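For reference, the structure is listed below as structure tokens.
The values are calculated or read from the model by the stated rules, or taken from the named source; none is laboratory data. Here the structure is a predicted model, which is why all the values come from computation and not from measurement. Cβ atoms come from the backbone with ideal geometry, glycine included; neighbour counts cover every protein chain shown. For the accessible areas, the whole protein counts, side chains as well, though only heavy atoms, and no ligand, DNA or RNA atoms are used. Shrake-Rupley method; radii C 1.70, N 1.55, O 1.52, S 1.80 Å.
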Amino acid sequence: MQSFIDQSVSFIENHQAWAGLVVGLLAFGESLVLVGILLPGTTVLIIVGGLVGAGIVQPLPVLLAAMVGAALGDTISYFLGKWLGRGVVHKWPLNRYRREIARARLFFHRYGFAAVFVGRFFGPVRATVPLVAGMMGMNRRRFQIANILSAVIWAPVVLSPGWLVAKGAGSLPELDATSLFGLAVTAAIVAAIIVAVVVIRLRGKRDVQA
């Protein structure tokens, strides 16, 4: 995993014109069922935020690509769930991830629309909630509203910690690279939790609405 992270960041840093495409693919994979469970995309995107803050990578292409990639990944996962149905969890390769899917089903059953929105900000269910939403027959329009809105918010949230650290690095000379990265990860988790709490409070507990 560390090798993948290092190579991805190095490629983006040395081929800045491809930064948007690479970030889009990472965001897409991070949101895609199964792939998102294994892909350390969030870690790379946080570091890319640092490259943006350092002026190495242009922010707009990266931000837009992250939004589009995330929305597309969830959309494909949703339609896979809708097309394959509930029985797909008993077939390979999803039968190897029954615990993750069961967790996503419980989360979705409890919060419905809000689960699709909030789920993007939590690693354990990010790559499975859209699949479950399709399996459970969630209305397509409602899903896409939650999907697109969450992608628009998630992209700057996941990139901003690295950006803020890069911008403030000059005033924090006593921190080494590891400490700065830890600060970035912590900031991302805090931001995601804040968004989750706000959305859940606004939406409340809801059953699935077909």
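Once amide H atoms are placed 1.01 Å from N in the peptide plane, what residues at a sequence separation of 5 or more from residue 33, or on another chain, have their amide H within under 5 Å of its amide H?
Close amide H contacts, sequence-distant or interchain: 77.
Would you please put 113-121, 86-94, 51-59 in order of how densely packed they are, using the mean number of other Cβ atoms within 10 angstrom per residue and starting with the highest? Provide the component values of the computation, followed by the final result.
On the way: 113-121: 25.6, 86-94: 12.6, 51-59: 17.4.
Answer by packing, highest mean first, reads 113-121, 51-59, 86-94.
Would you mind working out the magnitude of the charge dipole of the range 69-155 relative to its Cα centre, with +1 at each Lys and Arg C-beta and -1 at each Asp and Glu C-beta, to the nearest 20 Debye? Mind dumping the intermediate values first?
Details: 14 positive and 2 negative charges, 56 e Å.
Dipole of the range 69-155, to the nearest 20 debye: 260 debye.
Give a residue-ordered list of calculated ³J(HN,Hα) values for the range 84-90 (Karplus: 6.51 cos²θ - 1.76 cosθ + 1.60, θ = phi - 60°; whole Hz; x for Gly, Pro).
7, x, 5, x, 5, 5, 9
Starting from the Cα-Cα distance between residue 102 and residue 140, subtract it from 0.36 nm times their residue separation and give me the gain in nm to one decimal.
Details: separation 38, 0.36 × 38 = 13.68 nm, distance 2.15 nm.
Residue separation times 0.36 nm, minus the Cα-Cα distance, leaves 11.5 nm.
Tell me the per residue accessible area of the range 20-152 using a 1.4 Å probe; a whole number in Å² is fine.
For the range 20-152, the solvent-accessible area averages 43 Å² per residue.
Quick check: from the Cα gyration tensor, does the range 1-77 come out rounded (a/c under 1.5), prolate or oblate?
On the way: a/c = 2.31, a/b = 1.37, b/c = 1.68.
Since a/c reaches 1.5 but b/c is at least a/b, the shape of the range 1-77 is classed as oblate.
Running Debye on the range 44-145 with equal point scatterers at the Cα sites and no solvent, what base-10 log of I(q)/I(0) appears at q = 0.24 Å⁻¹?
-1.20
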